[in-house]
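*Asks:* Dropping the structure in here first, questions after.
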There are 4 protein chains.
Amino acid sequence: MARKGVVAVLDRPEGKYELKEYPLPDPAPGTVLIKQELGGVCGTDIHMYHGHLPGITYPICLGHEFVGRIAALGKGITTDFLGKAVKEGDRVIVVPGVGCGKCYWCEIAKTPTTCEEGFAYGFFSDGNKEYHFTGGYAGYVYLHHPRTAILKTDLPLEVGVLLEPISVALHAVSRSNIQLGDTVVIQGSGAVGLSCQVCAKLAGAAKIIHIGGPTPFRIKMAKEFGADITINIAEVKDPEERIQMVKDKTIKGIGADVVFECAGAPQAVREGLDMLRRSGTFVEVGHFTDVGEVSLNPFTHICNKNVSLQGSWGGEVEGFVRGLPILEKRQFPYEKLITHKLPLKRLNEIMQAPDKGYILDDKESLKITVSSETS
Amino acid sequence: MARKGVVAVLDRPEGKYELKEYPLPDPAPGTVLIKQELGGVCGTDIHMYHGHLPGITYPICLGHEFVGRIAALGKGITTDFLGKAVKEGDRVIVVPGVGCGKCYWCEIAKTPTTCEEGFAYGFFSDGNKEYHFTGGYAGYVYLHHPRTAILKTDLPLEVGVLLEPISVALHAVSRSNIQLGDTVVIQGSGAVGLSCQVCAKLAGAAKIIHIGGPTPFRIKMAKEFGADITINIAEVKDPEERIQMVKDKTIKGIGADVVFECAGAPQAVREGLDMLRRSGTFVEVGHFTDVGEVSLNPFTHICNKNVSLQGSWGGEVEGFVRGLPILEKRQFPYEKLITHKLPLKRLNEIMQAPDKGYILDDKESLKITVSSETS
Amino acid sequence: MARKGVVAVLDRPEGKYELKEYPLPDPAPGTVLIKQELGGVCGTDIHMYHGHLPGITYPICLGHEFVGRIAALGKGITTDFLGKAVKEGDRVIVVPGVGCGKCYWCEIAKTPTTCEEGFAYGFFSDGNKEYHFTGGYAGYVYLHHPRTAILKTDLPLEVGVLLEPISVALHAVSRSNIQLGDTVVIQGSGAVGLSCQVCAKLAGAAKIIHIGGPTPFRIKMAKEFGADITINIAEVKDPEERIQMVKDKTIKGIGADVVFECAGAPQAVREGLDMLRRSGTFVEVGHFTDVGEVSLNPFTHICNKNVSLQGSWGGEVEGFVRGLPILEKRQFPYEKLITHKLPLKRLNEIMQAPDKGYILDDKESLKITVSSETS
Amino acid sequence: MARKGVVAVLDRPEGKYELKEYPLPDPAPGTVLIKQELGGVCGTDIHMYHGHLPGITYPICLGHEFVGRIAALGKGITTDFLGKAVKEGDRVIVVPGVGCGKCYWCEIAKTPTTCEEGFAYGFFSDGNKEYHFTGGYAGYVYLHHPRTAILKTDLPLEVGVLLEPISVALHAVSRSNIQLGDTVVIQGSGAVGLSCQVCAKLAGAAKIIHIGGPTPFRIKMAKEFGADITINIAEVKDPEERIQMVKDKTIKGIGADVVFECAGAPQAVREGLDMLRRSGTFVEVGHFTDVGEVSLNPFTHICNKNVSLQGSWGGEVEGFVRGLPILEKRQFPYEKLITHKLPLKRLNEIMQAPDKGYILDDKESLKITVSSETS
C-alpha cells in the first residue's frame, strides 16, 4: 500500500483547490481506507465552492459521490452493509451521510436526512487535523466513522458513481405517492432531474413529461432516460404555454398526477403547481441552496387544489440500498450521464463550468467526474 | 304541513336578501323536504355575498350548514345514511355536498371534495325554477337530489349546526399525519380554527398552541376549546416573536410537529412554515377564496425543511359521519360558539358584520346562525 | 343492427349452459348496448358454475371480463369514463363492477369493492326479465346501469380482455407498500398471479421470485412475464425447501419484502408468511371463495413478525383506469396468456377444464376466452 | 454514593431469584448509573422466568420497565434524550431497548423493534461479568450502553413505571390506522390491553368496546380506563354471542373499525377478525411468546374481508417520547393499575401469581411492581 495520498483542498469559498499530500492513516478498528476511483461533481459541490451553503468550514475536501476500492480494512470489518464479505481490493460505493441513529430525527421522526448530529464525507472535516481524507476529491478517503455504510459492487465506475443522485431521487419518489399508470412531470434536466425521471418510470409512471433543456443535448438525454414527451424551455418560453401542453396530455385536461421540481428555480415551483391536477402531489427536490423566493397563492395553489406538497431533502442509506439493484439492472444507459472524467488537478476549471454555459473542453457537461489520478 | 315556505333570495353579489314565498314541493321518490331549524353563516357565505367565489350564479339561496326536521319523506326513504329509521318530525343534519360518486375525483382520486359534477345545497340552484328551496337560508330545504345524505340526531340545534365546520376540520386532520403526543399550532380563531383545534386535540395532540385573536373573546374561546397556550396577535405583533414563542415550547426548540393554517391570511402560511419543525406537516385549510399571495422560499420552507404541506379543501361525507359521535360526546362547550341566533330577515345586517369588526347587536360574533323564523 | 342476440344461460349450479335468443333492447338514456367481442373465463366463473359463491341466483348469465364494440348508444352518452368521444362501432372495455357511490363503503371506507349496494355484470341479473344481456357470455351485453364505466381502446381483443385481472392485481399492489428495489414473491401461476407479477415488476420490484407451476408451461409463462427466479412446486415439493430457497435470495437471508398469495391454497398463506421478512407485507389476493382453513401462529407469523397482512378483494374502477395505459405499453407479451378462444357453445366443456388438469383441446389452458360467435 | 448494590439474579428457567451484592461501577464516559426506584413486572418477564422466550441466556437480571434516580453521571452526559438538563438525583425513565441505529431494520425498514443487533436492559447480559446491573430487578441499573435513552420526569413512580407498556400501545396504535370517530374493540384486560385502550381513546376512538375480564376487578378497571361498553368473557362465554354484541353496537351491524388483540390467546385472533368490519384493521399486539396456533379462513377472514392485519412487536423509543406527555396529562387514573409494590426478595412469589389466579397477598394483581428495597 502507498504511504501517502493526495487530497484536493479548497482553502476558502471561491478560493483555489490545491493538491496536498499527507501520510495515509492506518485504519482503526471498525474503519476502512478507500482508494478512490471516481468521484462525481454535484451541484451542491458548486454551491459549497461559492460558499452558498451554511455551516461549512474551510479549508475543506469536497466530494460526496464516490466509488473506490478497499485499500485497508480496520479490525472487525468483514462485510458490507448488506452482509456481503469484503476484502482489500473490492470495489465499494460509500454512503456519504452517516446518521447518528439516536437523535430525534433518526429515532422519532425517522427522517435521517434531517439528522443534525451525524457526519457526511465531503461536507465536514473530521475535526482531527492529523489526517485529511474526508471527501471524495482525493486519492484516498478514510472512512474514519465507524457507522459508515459501504456497498460492495461490480458496477462500472461510471454507473456506480451515480448511486448517490439515485438515492436522492428514491427519497423523492418515496414521498411522491406515485401510483401505477400515473402521468408524471419532471422539471429540470440535471442529474437529479434525470434520476427522478428514471425512478418515477421504474415506480410505474405510464407517461413522463420532461420539461427542461435548454440544450438539445439535455433533451436528448431526457429522451434516452425515459421521457415520453419533452418540452425544451428554450423553445417553449412561455410558462402558460408549457402548462397548457402538459394539461393537454392528461385525462380530461386536469393536469399531471405528480410533479417533481428538480430545476432549482423558484419560478418552477409555481409553474409546476399550475400543471398539477387537484389532489395531486408536488415534490420539491431541486432547491439544495437558497436561490430566491417565489410567490404562491394559498387558495389557488394549495387549499383549493387539495394538494400534497412534499419537500424532499437529500438521500438516505435506504436510497443507496434500494438503488443498487436498480443500477445493476442497467435498464437505462446510465454511463452516458458521465460527460467528463478528469484528473483532480482540473477541479478549478470544473468549478467554472456552470458559469461558462456548462461547457468544458468544448463539450457540454452533465455529470462531471474526477478520477484519483492527479495528472 | 304548510303549503308555502319562505326563501331568502340574494339577487346579486353585494345585493339584497329578500324573503320570498313559494309553494312547497311534494317530495319525489328518494327525496326529502326539510323544515329548517337553524342555519350557520360561514365565511364562504360572506365571500359569496361579495361575489368572490367563481362559478356561482345569482339569484341564489345561500346556507350550507343547517339542521332541520323532516317535513315530508319521498317514497323509498326509510333510514338515514347510517341506517337509522327516520320519520316525519325527526331532526336531521344535512350533508350539503353531494358527490357524483362516479367521476375521476370520486372513484379514482377518492377526494370527493374536488368532484366537479356533484351538487351542493347553498351553492347551486337546482336548475329548475319551479321550486327554490336549495339552501339553508330558508324556512324549508328541499333535498331534491336523491343521493343526499342525512343524519338523524338528538343534538341541540346549536351543536348540530356545527357538524359542517367539524367535517372540514376532520378532513384537515385526516391529511395532517397527527400522532399521539404531538405539539400542534392552530393559526386562526374562527369556526374552522376552533374546529381544527378540537379535532387535533381529540386526535391526540398533547400540546395545542393557539395563535389568534385578536379580541379577548376569541382567545377566551380558544382556551375553552382546548388550547394549552394562546398567543394573541394583537398583543404579540411581531411574527418573529411568535415564531420564537412557539419554538420555545417544543422539544429542543425544533418547532411544532403540525401547523394548521386556519386564519386565511397569506402571510400566515409563511409564519406557520417558519414555526414548523423539519419533517413536520403543514395543513392549509384557511383559504376558501383568493385573498392574495405569499412569498415562500423553496429551499428554506420546503426542500430543506423536508416538509409535508397539505392543502385541504372542504368537508367530506366522511367528516359528517365521523364528526357526529364526536359532537355527541360533548367534550367541549360547542354551543358557546353560537354567538347569535337571528331571523332570516336580518341576513342583510349579518353580511356586514365582518366589515364592522364582527360586532352585531353590540356583541362580538363568532358563529352567527339564522333560524327559519322570519320575525 | 341485429334485432336479436344470444345469451349463454346457466340454469343452476353445475347445470347446463344453453344458448337462448332474445330481442335486443333499445338502450335507454344513459345506457349502452355492447356487441360482445371477447370474454374471459375467470376462476370465479368456475366457482359460480359450481355454486360456490354465496348470494348468486340462477339462472344467470356469467362473464365479467369482456371487450366489445358499441352497438347502440343511449341518449346522453357521448364519451367514455376518461372523456374520450365514443360512437357506435368503437371498441370499449367495460368495468363490470358498478359501485353505488353513496354507501358507507363507497363514501366513508373508500373501498368500493366491498360495496354491497352496487351492481356487477356477470354476477347479477338486473331483476327485470324483459332483457337478459347482463353478462359477458353472450352476443350482446346491455349496460343498463347508468353508472357503468366504459373505456375506449384500440387494444387487440386478446390484450384488452385482460384489463379485469390487471385491475385485481393493481388493487393488490396498491395495498402492498411495494418499494423500488424490493424482492417480491409471487405464489401462484394463474392469471391473477401473473398479473400481480407484472404489476409488482412495473411498480419497481427489483427481484421477482415466482413459486408456482406445476406445469412447465406455467413456469415458462412466469419467466416471460418477468420472473427473475422460478420455483416449480412440482419439482421442489417441500415447503421448507422453498422457504429456504427464497431466503437465500434475500439480503442476509431475512426473507422477501413482499409476498403476494395468488395460489388460492390455504397452506400457501402459511408458507408465504414463513418466507416473508419481518416488517414485510403479505397480500392475500388468491382466495376468491372458501376452500378451507389454515393454521397460523399469532406469535411467529404475525406479532413477532411485525408484519402487515393485507386482504385485497376484487378490482376497482381505479384499477381499470390505471391498468389501461399499462396494457397499452405492451411491455409484456400479454396476448400469450390467452390460450383458448372458443365459441359460447363450448362453455359446458370449458367449465370442466380445471377438473381435467386444465387441458382443453389437448392444450394446457391459462386464460380461456369465449367469443360471441356461436359456432 | 453507596459502594455496593443488590441484583436479583435468576439462575435458570423456573429457577430461583437470589439477591446478590456487587460493587457499583463508576460510570464510563457517556453512561449513567441509576438508583432504581420502581420496576414493573411484565408478562414477558413471566415468560422468561419459565424459559419460553428464545435467545435468552441465564443467569439473568430481568426487569425492563423501571424508573429511578440518577446516582452518577458519566462524562459527557448533561441532558436527557429530549435535551432537558439532568443532574444526579433527577428521576428518569429508562428506555430499555437500545437500537443499533445502523442495521437494515433501523435504517431501511425503520422498524427498530425488529433490530437484531441492539441491546435491551432486562433481556441481555452485557457480556462483561465485572458488573451485573443490567436489568430493573435490582437496586441499581448501570446504563453501560452509550446510546441508552433516558427521559427526565417528575411523574410519581406508579405512573412513570407505566411508560413502557404505553410505548407498546403507541406502537400498536401507530399501525392501526385509527380515525376520529371509530368504534374500537379491545380484547384483553391486562396492562397492554388497558394501555392500548387508553391510547386508542386518546387517538380519537368514539366508542370503545372492551372484551375481557374475567374478574369484576378487571372489568371495573376497563371502565375506569375509558371503555364505553364492557363484555366479561366469564359472563358471555359464547364467542358468537360476543361477536353479535359487538356488531349490534356498530353502524348497520357491519362490525368494528379497529380491533386490538391484547389477550394473547390464539382463538382471540379469530374472534377478533369475526367482529371486525370489512376493510377494517386488526392489530395483533398480544402474543409476546408462542402459546399455540389458530385456524383462519383466508377467504372469510382476510381476502374477502379486504382487511389490514398488523402485527405490532414491542415499543419504540418513539413510544416513550410520545407517551411521556400523555402520562403527564393524567387523563386516566394510571396509578390504579399498580396493584402491588413489593420488595425484590418477593420475586419468587411474584412469578407464581399467574398460576394462582393472579392472586397475591389475597389481592388480585394487575401490574405488580418491585421496589429496590430489599426488605
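The values are calculated or read from the model by the stated rules, or taken from the named source; none is laboratory data. Bear in mind that the values here come from a model prediction, so they are computed numbers and not experimental data. Glycine gets a Cβ as well: all are built from the backbone with ideal geometry, and neighbour counts include every protein chain shown.
*Asks:* Looking only at segment A:3-37, which residues are within 14 Å of A:MET48 (Cβ to Cβ) and among the β-branched types (Val, Ile, Thr)?
*Replies:* Answer for segment A:3-37, where residues must be within 14 Å of A:MET48 (Cβ to Cβ) and among the β-branched types (Val, Ile, Thr): just A:VAL9.
*Asks:* Looking only at segment D:159-170, filter to residues that are within 19 Å of D:ALA227 (Cα to Cα) and within 12 Å of chain B (Cβ to nearest Cβ); which one of those is farthest from the chain's Cα centre (by Cα)?
*Replies:* Checking each candidate, the answer is D:LEU170.
*Asks:* Please verify whether D:PHE320 is touching a Ser or Thr at 6+ places or on another chain (Cβ under 9 Å) and at negative phi, treating the condition exactly as stated.
*Replies:* Considered against the rule, which asks whether it is touching a Ser or Thr at 6+ places or on another chain (Cβ under 9 Å) and at negative phi, D:PHE320 comes out as yes.
*Asks:* Which numbered condition trips up D:THR111, out of (1) more than 14 Å from chain A (Cβ to nearest Cβ); (2) in contact with a strand residue (DSSP E or B) (Cβ under 9 Å, 6 or more places away or on another chain); (3) of a type in the set (S, T, N, Q)?
*Replies:* Against the list (1) more than 14 Å from chain A (Cβ to nearest Cβ); (2) in contact with a strand residue (DSSP E or B) (Cβ under 9 Å, 6 or more places away or on another chain); (3) of a type in the set (S, T, N, Q), D:THR111 comes up short only on (1).
*Asks:* Okay, moving on. For segment A:82-93, which positions are touching a residue at least 12 places away in the same chain (Cβ under 8 Å), within 14 Å of chain D (Cβ to nearest Cβ) and of a type outside the set (Lys, Arg)?
*Replies:* A:LEU82, the sole residue that qualifies.
*Asks:* Out of (1) polar (S, T, N, Q); (2) closer than 19 Å to D:ILE208 by Cβ; (3) assigned by TED's automatic domain parsing to the domain that holds D:SER365, the odd one out for D:THR250 is which?
*Replies:* With (1) polar (S, T, N, Q); (2) closer than 19 Å to D:ILE208 by Cβ; (3) assigned by TED's automatic domain parsing to the domain that holds D:SER365 applied to D:THR250, the lone miss is (3).
Residues checked against (1) surrounded by 14 or more Cβ atoms within 10 Å (Cβ to Cβ); (2) out of contact with any Phe, Trp or Tyr (no Cβ under 7 Å at 6 or more places or on another chain); (3) not polar (S, T, N, Q):
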{"residue": "B:ALA8", "(1), (2), (3)": "yes, no, yes"}
{"residue": "B:PRO29", "(1), (2), (3)": "no, yes, yes"}
{"residue": "B:LYS35", "(1), (2), (3)": "yes, no, yes"}
{"residue": "B:HIS52", "(1), (2), (3)": "yes, yes, yes"}
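*Asks:* Which condition from (1) out of contact with any helix residue (DSSP H, G or I) (no Cβ under 9 Å at 6 or more places or on another chain); (2) modelled with pLDDT under 95; (3) not β-branched (Val, Ile, Thr) is the one that B:ARG69 breaks?
*Replies:* For B:ARG69, the failing item is (2).
*Asks:* Turning to a different aspect of this structure: Considering B:GLU235, B:GLU224, B:GLU240, B:GLU261, which residue is among the charged types (D, E, K, R), assigned by TED's automatic domain parsing to the domain that holds B:HIS301, under 23 Å from the mean Cα position of the chain (by Cα) and surrounded by fewer than 24 Cβ atoms within 10 Å (Cβ to Cβ)?
*Replies:* Numbers: B:GLU235 fails: under 23 Å from the mean Cα position of the chain (by Cα); B:GLU240 fails: under 23 Å from the mean Cα position of the chain (by Cα); B:GLU261 fails: surrounded by fewer than 24 Cβ atoms within 10 Å (Cβ to Cβ).
It is B:GLU224.
*Asks:* Of all residues in segment B:319-339, count the ones that are of a type outside the set (A, V, I, L, M, F, W, C) and within 14 Å of chain D (Cβ to nearest Cβ). Please lay out each step first, then the result.
*Replies:* Pass one, segment B:319-339, residues of a type outside the set (A, V, I, L, M, F, W, C): B:319, B:322-323, B:325, B:328-331, B:333-336, B:339.
Narrowing the set further to residues that are within 14 Å of chain D (Cβ to nearest Cβ) leaves B:319, B:322-323, B:325, B:328-331.
Residues meeting the conditions: 8.
*Asks:* Would you tally the residues in segment B:255-306 being over 22 Å from B:ILE46 (Cα atoms), facing another protein chain (nearest Cβ under 7 Å) and of a type in the set (Ser, Thr, Tyr)?
*Replies:* Qualifying residue count, segment B:255-306: 3.
*Asks:* Still on this structure, I have one more. From C:ARG322, C:ARG330, which residue is modelled with pLDDT of 95 or more and within 30 Å of D:HIS301 (Cβ to Cβ)?
*Replies:* Testing whether each residue is modelled with pLDDT of 95 or more and within 30 Å of D:HIS301 (Cβ to Cβ) leaves just C:ARG322.
*Asks:* Check segment D:171-185 and report whether any residue there is out of contact with any Cys (no Cβ under 6 Å at 6 or more places or on another chain), more than 14 Å from chain B (Cβ to nearest Cβ) and farther than 25 Å from B:LEU327 by Cα.
*Replies:* no
*Asks:* Among the numbered criteria (1) farther than 24 Å from B:ARG322 by Cα; (2) under 23 Å from the mean Cα position of the chain (by Cα); (3) surrounded by fewer than 24 Cβ atoms within 10 Å (Cβ to Cβ), which single criterion is violated by B:LEU62?
*Replies:* It fails just one condition, (3).
*Asks:* Still on this model: Can you confirm whether A:VAL198 is in contact with a Lys or Arg (Cβ under 8 Å, 6 or more places away or on another chain), surrounded by 20 or more Cβ atoms within 10 Å (Cβ to Cβ) and of a type in the set (Val, Ile, Thr)?
*Replies:* no
*Asks:* Between residues in segment C:219-232 that are at positive phi and residues that are buried (at least 21 other Cβ atoms within 10 Å of the Cβ) and of a type in the set (Ser, Thr, Tyr), which pairs lie under 8 Å by C-beta distance while being six or more apart or on different chains?
*Replies:* Filtered contacts from segment C:219-232: no entries.
*Asks:* How many residues, within segment C:94-108, are under 20 Å from the mean Cα position of the chain (by Cα) and within 12 Å of chain B (Cβ to nearest Cβ)?
*Replies:* Summing the residues that are under 20 Å from the mean Cα position of the chain (by Cα) and within 12 Å of chain B (Cβ to nearest Cβ) in segment C:94-108 gives 4.
*Asks:* Somewhere in segment B:73-81, is a residue in contact (Cβ under 8 Å) with a residue 24 or more places away in the chain, of a type in the set (A, V, I, L, M) and assigned to a loop (DSSP other than H, G, I, E, B)? Please lay out each step first, then the result.
*Replies:* Of segment B:73-81, the ones in contact (Cβ under 8 Å) with a residue 24 or more places away in the chain are B:73-77, B:80-81.
Those still in the list that are of a type in the set (A, V, I, L, M) too: B:73, B:77.
Still in the list and also assigned to a loop (DSSP other than H, G, I, E, B): B:77.
Yes, there is a match, as at least one residue in segment B:73-81 is in contact (Cβ under 8 Å) with a residue 24 or more places away in the chain, of a type in the set (A, V, I, L, M) and assigned to a loop (DSSP other than H, G, I, E, B).
*Asks:* Between a residue in segment C:96-118 that is surrounded by 22 or more Cβ atoms within 10 Å (Cβ to Cβ) and any residue that is part of a helix (DSSP H, G or I) and among the acidic types (Asp, Glu), which pairs come within a Cβ distance under 6 Å, given they are 6 or more apart or on different chains?
*Replies:* From segment C:96-118, the pairs are C:ILE108/B:GLU318.
Residue-by-condition table, conditions (1) under 17 Å from D:ARG175 (Cα atoms); (2) not assigned by TED's automatic domain parsing to the domain that holds D:ALA149:
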| position | (1), (2) |
| --- | --- |
| D:GLY286 | yes, yes |
| D:HIS301 | no, yes |
| D:ASN306 | yes, yes |
| D:GLY319 | yes, yes |
| D:LEU342 | no, no |
| D:LEU347 | no, no |
| D:PRO354 | no, no |
| D:GLY357 | no, no |
| D:GLU364 | no, no |
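*Asks:* On to the next question. Taking segment D:135-154, which residues are surrounded by fewer than 21 Cβ atoms within 10 Å (Cβ to Cβ) and of a type outside the set (Ser, Thr, Tyr)? Working first, answer last.
*Replies:* The first filter runs over segment D:135-154 and keeps only residues surrounded by fewer than 21 Cβ atoms within 10 Å (Cβ to Cβ), leaving D:145-147, D:152-154.
Result: D:HIS145, D:PRO146, D:ARG147, D:LYS152, D:ASP154.
*Asks:* Turning to a different aspect of this structure: Would you confirm, using the coordinates I've provided, whether C:GLY212 is buried (at least 19 other Cβ atoms within 10 Å of the Cβ) and touching a Ser or Thr at 6+ places or on another chain (Cβ under 9 Å)? Spell out how you get there, then give the answer.
*Replies:* Numbers: buried (at least 19 other Cβ atoms within 10 Å of the Cβ): yes; touching a Ser or Thr at 6+ places or on another chain (Cβ under 9 Å): yes.
Yes: the conditions hold for C:GLY212.
*Asks:* With the structure loaded, tell me whether A:GLY76 is more than 14 Å from chain D (Cβ to nearest Cβ) and small (Gly, Ala, Ser) or whether it fails that test.
*Replies:* Here the answer is no, as A:GLY76 does not meet what is asked.
*Asks:* While we're looking at this one, here's another question. Is it the case that segment C:201-212 has a residue that's more than 12 Å from chain A (Cβ to nearest Cβ) and touching a Cys at 6+ places or on another chain (Cβ under 9 Å)?
*Replies:* Yes - at least one qualifying residue is present in segment C:201-212.
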